[in-house]
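To start, the structure under review is shown below, and the notes come after it.
The values are calculated or read from the model by the stated rules, or taken from the named source; none is laboratory data. All values derive from a computational prediction rather than experimental measurement. Cβ placement follows ideal geometry from the backbone for every residue including glycine, while neighbour counts extend to all protein chains displayed.
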């Protein structure tokens, strides 16, 4: 077996919370890490140099989208995603599984794979575990994901079937994975909201010895309590010397919840999506910049934020450009929102190193809930 | 009289072409200069720091737009445009005259001013020379413009009436202009395509002794020959020690034509507007990045361009993001297109200093026409 293209160095633990270094061929990631999502080989409204400026250390791109457009063959011809999108830092691609279910129209699913129609033009395509790996090898990310089946997470029988299939597919992905010296394949723990299934899934995948593990099928509508319990079930079963990735999670609250339960990696479209709708993430909650309240507000979006936007622009200016539908509104809000989450991961990391993570988490959650309480009045 | 807040230093002449330095309170502008247009206090899709990166030395903002939204009083409350939009370099505002005619619906025009309806909500407003100056003083740009009347430039009687009124309004603007120590007021030469009117307009305004002079009413549909002839009539009548500004002009060809006839300053929405429609300016003509031709084209937009975009991205990538309607397409094409024109002004400046402007102009125009000829085949 060839040497893994990534290695994880655990630096500090504070309770279940971990601070570490994830070494990749495109640089070292400090964990916990939040990965901005660059669906179509662009983090929407943010240039790669602006990503560097906000200290993004990992970005995610979507296999399903890039397979359809421009085509993974085109990306491969251009030397892979890093060169194609001019981002020289670490990249992770998902397997396409989630998008096949959420965006495409599924025509047929069987043990071999999924036939679906493109959300763009209705054309028919088939993804199998082998195909998902082949596409991801063409894209060339540092971290790639096993092809999994999503299912209604609240039905135990359905969750079991999907989980079992996910495990069989994980094995096929391992076999198909030939770029082992340059790409690390993560297994995805499934099992819905059921502790027994989640534990079984974690044990099964750990036995397959992946370079890293993701927790999938969360943040899809389940309760906060279910999410916490599943994480508390799964992470203790995962090896301490491998990175752990909670897929699709990206609010301030959920990042804190995840890190408190031993998660190292996160990604989510939320910060850039709400930005395009005129909303700012702040340590005291979300601001809707469309509101007239901000028309003459000289404050930055968040007093504690160190980003370019908060150092230079008032809420009044941002409100003006949001209202005028100017592209710069999406640019500035995306930069700020991403920086808020990245800064949060940096602060959590520092708190873990200092052995005061619990206190930090309590203080930050109270600040968020304080505003929530105020808004209700 | 207080000292002018700007001063122009003529450094070199080569034929009629001039290289100089225009000193302002917000920095020195090297001329010839091309000013990106930031209509609503944002150069569309480009952040101020990206403007600095492409060596933009002057930007333009629109009085009509900012008066309507967010309101010049709001901008004034925030310390003026520089602070409001986080651009610390020189700014020029137009008078609103052009937009009142082209965007608003004019209800009434008389010797005193213009009553018009907002293009946003139909509300009624009145601009007079005094009002245009007051709004521009609130906005706080380094260079402000006299309020002028636009008219059909091909009808001599109509052009004369509009010109005479523009002269009377220029006097009223001078009287209303009280911020003389921090803002420089430019007069605008009008007179349509008629040499005699243009000469009369230039002489009348020069007698009023403005800190700088603009040529208005060009690039509005007249022939290239008319534009050249008008410039050849006007610029020799303008004082050699004051800057000359050709309003609304911004193609590679027209910048060369203008500089060859003694123009120092330009502005135009063209580079950012075509960017949002997926087109790139290049030294060999305009590229439509929607075309399938570029799907696998590894070249930068322009081989001779030094911008961030050309150093990092292929035409294939740009075509992919244009086709996917990603915001980064507008960002990257706007940055590149602006840099193309700014780089052109830098190259013209160097050619003037080296005494080889005529040769430079010929070579660049031939490169453009070469492509035009090819496209016709």
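Quick notes on this structure:
- Here residue B:24 meets each of (1) more than 14 Å from chain A (Cβ to nearest Cβ); (2) without any contact (Cβ under 8 Å) to a residue 60 or more places away in the chain with one exception, condition (2).
- Residue B:182 vs. criteria under 19 Å from residue B:80 (Cα atoms) and surrounded by fewer than 24 Cβ atoms within 10 Å (Cβ to Cβ): yes
- Whichever residue in region B:58-83 is surrounded by 24 or more Cβ atoms within 10 Å (Cβ to Cβ) and out of contact with any helix residue (DSSP H, G or I) (no Cβ under 8 Å at 6 or more places or on another chain) and, among such residues, is nearest to the other protein chains (Cβ to nearest Cβ): B:60
- Residues within region B:34-57 that are part of a helix (DSSP H, G or I) and in contact with a helix residue (DSSP H, G or I) (Cβ under 8 Å, 6 or more places away or on another chain), tallied: 5
- Scanning region B:191-198 for any residue that is closer than 22 Å to residue B:39 by Cα, touching a helix residue (DSSP H, G or I) at 6+ places or on another chain (Cβ under 6 Å) and crowded, with 24+ Cβ neighbours inside 10 Å turns up nothing.
- Flag if residue A:364 is away from every other protein chain (no Cβ under 14 Å), under 30 Å from residue A:42 (Cα atoms) and buried (at least 18 other Cβ atoms within 10 Å of the Cβ): no
- Taken together, the criteria exclude residue B:339 from residues that are surrounded by fewer than 21 Cβ atoms within 10 Å (Cβ to Cβ) and closer than 26 Å to residue B:21 by Cα.
- Here region A:76-97 is the region considered, the condition is being in a helix (DSSP H, G or I) and modelled with pLDDT of 90 or more, and the residue that is nearest to residue A:62 (Cα to Cα) is A:81.
- Pairs, first assigned by TED's automatic domain parsing to the domain that holds residue B:249 in region B:330-359, second at pLDDT 95 or above and buried (at least 24 other Cβ atoms within 10 Å of the Cβ), C-beta under 6 Å, six or more apart: none
- The residues of region A:305-335 that are within 7 Å of chain B (Cβ to nearest Cβ) and part of a loop (DSSP other than H, G, I, E, B), listed by number, are A:313, A:314, A:324, A:326.
- Pairs are defined by a Cβ separation below 6 Å, a sequence spacing of at least 6 or placement on different chains, a first member in region A:40-56 that is within 14 Å of residue A:339 (Cα to Cα) and at the interface with chain B (Cβ under 8 Å from one of its Cβ atoms), and a second member that is in a loop (DSSP other than H, G, I, E, B) and at pLDDT 95 or above; the pairs so defined are A:48/A:86; A:48/A:87.
- Residue match in region A:208-229 (condition: closer than 17 Å to residue A:17 by Cβ, in the same structural domain as residue A:133 (by TED's automatic domain parsing), modelled with pLDDT of 95 or more and part of a helix (DSSP H, G or I)): yes
- For region A:274-285, the criterion of being surrounded by fewer than 18 Cβ atoms within 10 Å (Cβ to Cβ), touching a strand residue (DSSP E or B) at 6+ places or on another chain (Cβ under 9 Å) and within 14 Å of chain B (Cβ to nearest Cβ) is met by at least one residue.
- Residue A:95 within 14 Å of another protein chain (Cβ to nearest Cβ), touching a strand residue (DSSP E or B) at 6+ places or on another chain (Cβ under 9 Å), more than 24 Å from residue B:330 (Cα to Cα) and touching a residue at least 12 places away in the same chain (Cβ under 8 Å): no
- Looking across region B:42-60, just one residue is within 23 Å of residue A:300 (Cα to Cα) and either outside the structural domain of residue B:246 (by TED's automatic domain parsing) or touching a strand residue (DSSP E or B) at 6+ places or on another chain (Cβ under 6 Å) (or both), and that is B:43.
- If you go through region A:98-132 and pick out every residue that is surrounded by 20 or more Cβ atoms within 10 Å (Cβ to Cβ), more than 23 Å from the chain's Cα centre (by Cα) and assigned to a strand (DSSP E or B), you end up with 2.
- Checklist (1) assigned to a helix (DSSP H, G or I); (2) surrounded by fewer than 17 Cβ atoms within 10 Å (Cβ to Cβ); (3) out of contact with any helix residue (DSSP H, G or I) (no Cβ under 7 Å at 6 or more places or on another chain) applied to residue B:235, failing item: (2)
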